Amino acid sequence: MGEKMADAITTERLTKHYGGQRVVNSLDLRIPQGSVYGLLGRNGAGKSTTIKMLMGMVRPDSGSATLLGENIESLSNATRARIAYLAEGHPLYGWMTIDEAVKFTRSFYPRWNDTLVDQILDHFELRRKQKFRRLSKGQQAQVSLALAVAPDPELLVLDDPTLGLDTVVRRDFLESLIQIIQRQGRTILFSSHILGDVERVADRIGIMVNGVLRVDCRTETFRESIRKLVLDFAGRVPDTLSIPRLVSSRQVGSSLELVVVGYDDAQREAVEALEPLSIEVLDLNLEDAFIEYTRGPRRSLPMFATELENVESARDQGAA
Amino acid sequence: MWKALAIKELRESAGIVVLAVLGAVYVLGELTGTPVFSWRGHGLYGYPFVSDGLGSYFWALCGALAVALGFRQTAWELQQGTYFFLLHRPFERSHIFATKLAIGVALVLTFSAGFILFYALWAATPGHVPAPFDWRMTLAAWANWTALPLLYIGAFLSGIRPGRWFGSRLAPMAAAIGFTALADYSPWLWGTVCVSLTGIAFGLLSIFYYVRARDF
């Protein structure tokens, strides 16, 4: 029997309120070492707050979390040195030159790969004498990336690293990111609301909806599980639906568009019981699946790593 | 890393200190009867440390420096989002803020001490003032000097303490001004020092509480 991979990140009922609003709600998350995990969600879903709690920038109201096996409340400096964090917007001191930023950041770490920094700067055609405030958004992201990976971190946490970058720069940044971060055992958690980015990088995804983690599974599993059904009716479109694992429903003229998790016999029978003229089953790409999953007027159904067999039990967990 | 942090704080404070030095040149010109701007008449308007309006100049110049530095080191980082670059580093958060405070207090005290000393040395130099000079005349200025960190810490605390709105956010600054006024009006030097130290201790405790407890 193979040795079970330890978790790089775990959270247990992690919760945060802002004002009266619960922005992260009892988050239970396990990210195994060596995985690339994409945390998805619409604006305000709780992704950034989750990452900020993990990085100690925001204090959780309740619950707990560990990074590389240590509780975040008492994270030692030795463990912190094994973790890199790229904050949203790539904040850095505008008055610093790239060289000053490198020297400043290097002073905090016992391990620092200057050759790697030079390689990254060279790859992006950045000169050490350039001032950070004179760089474009894309170049600022590139410098931040170089500073983040230079200490050779075991865990890399990136909060929406491609936010504000144009398509070409984003693609270039991600390709470099993949090239740089692919080292055995390195774990990456990154948040995004751009599905293409996630698809390119992540092997697992989590989707947060209104502070609740509603999806936690392999990227492929999610994509393959979400189906869109288009039902045509001769007369009145039924408004009462009892279809298992229904994510959303929308009436378009005499058609009814349904988004469901999976499409098994029970669901097929329930749909056929509506007596439509025709049923069209459409596969969705990841972006469409994400949009349908997160925007539905009905509350999104949970879908966890145990996949479809356990969806029913997971529903109770997610709704808690 | 202490050194890197200290250099960063000094570099970020440099602009404000340069402005303060320019201000000091103007104020010392006024106090010594050699105004920078030519439309002002030359000559002394009072006796140094006795009836020269030094207190007003001191608070306007050194107080402004203290307040500006306090906000620059905290609220500016918050506004720029650079705390997200700095505070997750493998270094105690309290040490990062202790470095900020040490540099800030050192700059405020060194600058204001330099200002007082320069003026006192000028006044003590024979031929400058047609009156005798005794170093004890400078005691009131030094008493104000001990109260100066209060303003700096008040601004620092205002910059780091979360507030629901602008007014409540500035509450520590208002409290610091109150403490400073109390220290300034104390007829005894030891009274000024006691009030200053009490206010400073309270401010520092509050700062380290918010450093640990607040969300960034």
Between helix B:171-185 and chain B: long-axis angle, C-alpha atoms, 0 to 90°, nearest 10: 30
Heavy-atom accessible surface of the stretch A:1-139: percent carbon and sulfur, 1.4 Å: 45
Trypsin sites (Lys or Arg not before Pro) within the stretch A:10-112: DSSP coil, no more than 16 neighbouring Cβ in 10 Å: A:42, A:111
Chain B: angle of helix B:2-31 to the longest principal axis, Cα-based, in degrees nearest 10: 30
Probe 1.4 Å, all protein chains present, accessible-area order of B:78, A:156, largest first: B:78, A:156
Highest-MSF residue in chain B out of B:162, B:130, B:187 [GNM, Cα springs under 10 Å]: B:130
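Based on the mean of other beta carbon atoms within 10 Å per residue, what is the order of A:254-262, B:29-37, B:149-157, most packed first?
B:149-157, A:254-262, B:29-37
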Cα centroid separation - the stretch B:134-204 against the stretch B:49-98, whole Å: 14
Pairs beyond 28 Å (Cα-Cα), from A:47/B:8; A:137/B:8; A:52/B:100; A:16/B:8; A:129/B:8: A:47/B:8; A:16/B:8
Ranking by accessible area, most exposed first, for B:207, A:194 with a 1.4 Å probe: A:194, B:207
Angle in degrees between helix A:286-295 and the longest Cα principal axis of chain A, rounded to the nearest 10: 70
Accessible solvent surface per residue of the protein assembly as shown, calculated while the other protein chains remain in place, 1.4 angstrom probe, Å²: 46
Rg over Rh, two decimals, the stretch B:76-144 (C-alpha only, Kirkwood Rh): 1.30
A versus B: buried accessible surface, summed, Å² (probe 1.4 Å, to nearest 100): 2400
Helix-derived mean residue ellipticity, 222 nm - over chain A, DSSP H n ≥ 4, -39500 (n - 2.57), to 500: -9000 deg cm²/dmol
Three-way shape call for the protein assembly as shown based on the alpha-carbon gyration tensor, with the a/c threshold at 1.5: prolate
Residue of A:118, A:197, A:28 that the Gaussian network model of chain A assigns the largest fluctuation, springs spanning Cα pairs under 10 Å: A:118
Rg/Rg_ref, the stretch A:7-210, where Rg_ref = 2.2 N^0.38 Å and atoms are Cα: 1.00
Label-to-label distance, nm, for residues given as residue A:285 and residue B:190 (7 Å Cα→Cβ offset): 8.1
By accessible area with a 1.4 Å probe, ligands and nucleic acids excluded, highest first: order of A:189, A:68: A:68, A:189
Accessible-area value, residue B:122, 1.4 Å probe, nucleic acids and ligands omitted, Å²: 40
Neighbouring partner chain Cβ atoms per residue of A:81-89, average, 10 Å criterion: 3
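Within the stretch A:125-228, which trypsin sites (Lys or Arg not before Pro) sit in a loop by DSSP and count at most 16 neighbouring Cβ atoms inside 10 Å?
Of the trypsin sites (Lys or Arg not before Pro), the ones in loops of the stretch A:125-228 whose Cβ has at most 16 other Cβ atoms within 10 Å are A:127, A:128, A:129, A:183.
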Computed over chain B: relative contact order in percent, which uses C-alpha pairs under 8 Å that are six or more apart: 23
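The values are calculated or read from the model by the stated rules, or taken from the named source; none is laboratory data. Just so you know, these numbers come straight off a predicted model, no measurement behind them. Neighbour counts run over all protein chains shown; Cβ positions are idealised from the backbone, glycine included. With ligands, DNA and RNA removed, areas are computed over all heavy atoms of the protein, side chains included. Shrake-Rupley method; radii C 1.70, N 1.55, O 1.52, S 1.80 Å.
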